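Have a look at the structure below before the remarks.
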Amino acid sequence: MNTDDANEVLLDENGEPIKSKTQLKQEAEVLKKLGSVLVDLSPGQLSEIPIDEELRDAISLANRINKKKDGFRRQLQLIGKILRQREIEPIEDAINRLRAHHLQSNQHFHLLEKHRDDIVEKGDSAIQSLLSEYPNLDRQKLRQLHRQAVKQKEAEKPPKASREIFQYLKQNIEE
């Protein structure tokens, strides 16, 4: 057998390449994983995904089935089968947008935590640098919350003022 013959792609009667059984199984597994991602989404997130009613019903049923049961596995296979008949690029794009938004929200949350910790630890210098970046913040309120946070920390009380600093920053610093 010539090595050039081994690299030749077989075509069906429509001129489409014939996929091997392994390729078909790999594609089915990818769609099953996509279905699993869809099942794990909250109802609010799922409403942002462009899917039809049949797929939405299949996902809803999968959410009602106990995930430890064999029926759940079969339902995921059904969702994968339904996805084979659909255009999946818009679905994948919507999922990627949700993930990007979630990542952005997490980064914003961590930034607020860092600012709060800086205010509690460094005091006026952290407040001043924060005010130069966000001039809409109230210096007096931040200083008052800083003093309360330091007192609570020294008295080993619950960090109520620290939580208030975080909430204040959350309300006044946009994502």
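The values are calculated or read from the model by the stated rules, or taken from the named source; none is laboratory data. What you see is a predicted model, and the numbers here were worked out from it, not measured in a lab. A quick note on method: Cβ atoms are made from the backbone with ideal geometry, for glycine too, and the neighbour counts reach across all protein chains shown.
In the stretch 15-39, of all residues being of a type in the set (Gly, Ala, Ser) and in a loop (DSSP other than H, G, I, E, B), the one that is modelled with the highest pLDDT corresponds to SER20.
Which of the following residues is in the same structural domain as VAL30 (by TED's automatic domain parsing), part of a helix (DSSP H, G or I) and surrounded by 11 or more Cβ atoms within 10 Å (Cβ to Cβ): LEU78, LEU130, LEU111? None of the other options fit; the residue is LEU78. Residue-level check: of (1) at pLDDT 90 or above; (2) surrounded by fewer than 16 Cβ atoms within 10 Å (Cβ to Cβ), GLU175 misses just (1).
Tell me yes or no: at least one residue of the stretch 93-106 is assigned to a helix (DSSP H, G or I) and over 22 Å from ILE49 (Cα atoms).
no
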